[in-house]
Amino acid sequence: VIALWDPSGYFYSGKILVVYDNLTADIKFYNGHKQLNQIFKLIIINKRSKLKVGDYVMANIINEYDQECWIPGIVKSIEYDSESDQFIYSIIYFNGEEGQNLNSQLIKIGKSMYDYLVEFFVTRASR
């Protein structure tokens with residue numbers, strides 16, 4: 001899964017340790033940190049999907065702290081790189097920046113989740 005780690009405000013890869021009846025779960029991130037009682041809305045199952053232009057995604061990037069994390073974006077274009085035998089996805093991230101990701105660095109999400117996360121990130125940044 002990927003989930004929000006509250007102190008940083010970014011989503012990171014991890015695993016679910018415990019699921020509670022109140023629609024929360026405890027998450028252990030791959031860096032060893034834990035997030036207790038994370039609401040389900042801020043946990044995304046990491047499953048790969050075939051992507052097309054216009055799809056909403058969580059994209060794996062390196063943040064300003066040199067840490068791998070996940071942020072929302074939209075697939076702008078897709079190109080096949082014959083040298084690496086992979087598709088390269090151009091992504092417009094929620095903050096207007098553009099970057100490139102491989103399919104293994106993208107998780108498809110729905111528009112409502114994208115809208116929720118953009119509002120979440122923008123609100124958090126304005127604090």
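The values are calculated or read from the model by the stated rules, or taken from the named source; none is laboratory data. What you see is a predicted model, and the numbers here were worked out from it, not measured in a lab. Counting neighbours? That spans all protein chains shown, and the Cβs are built from the backbone with ideal geometry, glycine included. Just so you know, the surface numbers come from the protein's heavy atoms only, side chains and all, with ligands and any DNA or RNA stripped out. Shrake-Rupley method; radii C 1.70, N 1.55, O 1.52, S 1.80 Å.
On a full-extension model of 0.36 nm per residue, what is the gain between F40 and I78, subtracting their alpha-carbon distance, rounded to one decimal in nm? Mind showing how you got there, number by number?
Numbers: separation 38, 0.36 × 38 = 13.68 nm, distance 3.08 nm.
Result: 10.6 nm gained on full extension.
Mean sequence separation of contacting Cα pairs (under 8 Å, at least six apart), scaled by the length of the range 1-82, corresponds to a relative contact order of 24 percent. Rolling a 1.4 Å probe over the protein heavy atoms gives the chain an accessible area of 60 Å² per residue. Dividing the convex hull volume of the alpha carbon atoms of the chain by its residue count gives 120 Å³ per residue.
Round to a whole number: what % of the accessible area of the chain belongs to carbon and sulfur, probe 1.4 Å?
Numbers: 3850 of 7570 Å².
Carbon and sulfur atoms account for 51 percent of the accessible area of the chain.
Each label was represented as a point 7 Å from its Cα along the Cα-to-Cβ direction; for S90 and N22 these points are 4.7 nm apart.
The separation of the range 27-46 from the range 66-101, counted between C-alpha centres, amounts to 23 Å.
Working out 0.36 nm times the residue gap between A125 and N31, then minus their Cα-Cα distance, what length gain in nm do you get to one decimal? Display every interim value, and only then the final one.
Values: separation 94, 0.36 × 94 = 33.84 nm, distance 2.33 nm.
Result for the pair: 31.5 nm of gain on full extension.
In this structure, the residue pairs whose Cα-Cα separation is over 19 Å, taken from K50/K108; K76/K111; K28/K50; K52/K108; K76/K108; K52/K76, are K28/K50. Per-residue 3J(HN,Hα) values for the range 81-91, derived from phi via the Karplus relation 6.51 cos²θ - 1.76 cosθ + 1.60 with θ = phi - 60°, read 9, 5, 5, 9, 6, 9, 8, 10, 9, 8, 10 Hz in sequence order (x marks Gly and Pro).
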